[in-house]
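First comes the structure, then the notes that go with it.
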Amino acid sequence: MENRLNFKNELVDKLKIGAVIFDKVKVEPEIAGVNSQIDKLAAQLQSEFTVPSAARNLFATMRRVYQQLGIDPTKTRPSSEALIRRALQGKTIYRINSIVDICNYCSMYFGLSIGLYDVDKISGETIEIRLGQNGEGYAGIGKQYVNLEARIALVDRQGAFGNPSSDSDRTKITLESNRIMFIIFAAFDYEQTKMQDHLDFVESTVKQYHTCQTEFKEIITG
């Protein structure tokens, strides 16, 4: 299926975005190989960094993104930092389904927040990437309400649905999802080749465990 989505990054001077969309994905409740990769990465992180404060370099890129936008990353943590901290504390990384688990694995591996969305639940053909306005927010996944005022927001015709700290319940991935979008967040000056490598890694990891088609894979420039 041809990609119908257009991206409008209003934060291009602060934020670099990479996007991959897959079609005809069969989401599984869990996949043993993915679980094994998550456990192995968590063990590697625990071995390399004995306490979360020692891993500050892993948090640096996303923290800088937040700080440049006037967001305190110690009060609103990027999802990547929350995952890595959880691993370093010896806590289990939650298993949700095969695609969400791959997303969490890649996020910890890159040290970057990754949003994950069911494309068929996105309204309209344009996704705006901008700061949230007064009163903007949504019901989060496992949370009552996520306030997006003056925070990074992905917005469709229906309203905001994504953010590098917490995504919305409206566009979350379920076992019924089959068109899936990964959004990788990084600082505007993040190396182009590294972002492309991340997109390729997401693609290869998803396809290692799922039969599917790549509908779209690009770095969003504006």
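Bear in mind these aren't lab numbers, they're just calculated from the coordinates by the rules spelled out. Here the structure is a predicted model, which is why all the values come from computation and not from measurement. Reconstructed Cβ throughout: ideal geometry from the backbone, glycine too, with neighbour counts over all protein chains shown.
Assorted remarks:
- Size descriptor, Kirkwood hydrodynamic radius, that averages inverse alpha-carbon separations across region 135-208, Å: 14.1 Å
- Most tightly packed first, judged by the mean number of other beta-carbon atoms within 10 Å of their residues, the peptides 115-128, 163-176 read 163-176, 115-128.
- Full-extension gain in nm, Thr92 to Arg157, via 0.36 nm per residue minus C-alpha separation: 19.8 nm
- Average 1/r across all pairs of distinct alpha carbons in region 6-220, invert it, and you get the Kirkwood radius: 17.3 Å.
- Put a plus charge on the Cβ of each Lys and Arg, a minus charge on the Cβ of each Asp and Glu, and nothing anywhere else: the dipole of region 24-86 about its Cα centre is then about 220 debye.
- Extension gain, Glu191 back to Glu30 (0.36 nm per residue minus Cα-Cα distance, nm): 54.7 nm
- Under the span-like rule (Cα at least 20 Å along the axis, Kyte-Doolittle mean at least -1.0), DSSP H helices of the chain: 32-48
- For region 100-222: relative contact order, % (alpha-carbon pairs under 8 angstrom, 6 or more apart): 28 percent
- About its Cα centre, region 74-222 has a charge dipole of approximately 640 debye under the convention of +1 per Lys or Arg Cβ and -1 per Asp or Glu Cβ, with nothing else charged.
- Glu28 long-range amide H proximity, modeled H, under 5 Å: Ser98, Ile99
- With the charge dipole of region 1-128 set up from +1 on Lys and Arg Cβ and -1 on Asp and Glu Cβ about the Cα centre, the Cα lying farthest toward the positive end among the listed residues Ile122, Thr76, Tyr94 is that of Thr76.
- Gaussian network model of the chain, springs between alpha carbon atoms under 10 Å - residue of Ala60, Ala87, Ala153 with greatest fluctuation: Ala60
- Per the Debye calculation on region 75-122 with a single equal scatterer at every Cα and no solvent contribution, log₁₀ I(q)/I(0) for q = 0.22 Å⁻¹ amounts to -0.80.
- Multiplying the residue separation of Thr221 and Leu175 by 0.36 nm and subtracting their alpha-carbon distance yields 13.4 nm.
- Once both labels are positioned 7 Å from their Cα atoms along Cα-to-Cβ, the gap between Glu125 and Asn147 label points is 3.7 nm.
- When its C-alpha radius of gyration is set against 2.2 N^0.38 Å (N residues), region 174-222 gives a value of 1.27.
- Candidates per chymotrypsin sites (Phe, Trp or Tyr not before Pro) in region 1-100, loop by DSSP, up to 14 other Cβ within 10 Å: Tyr94
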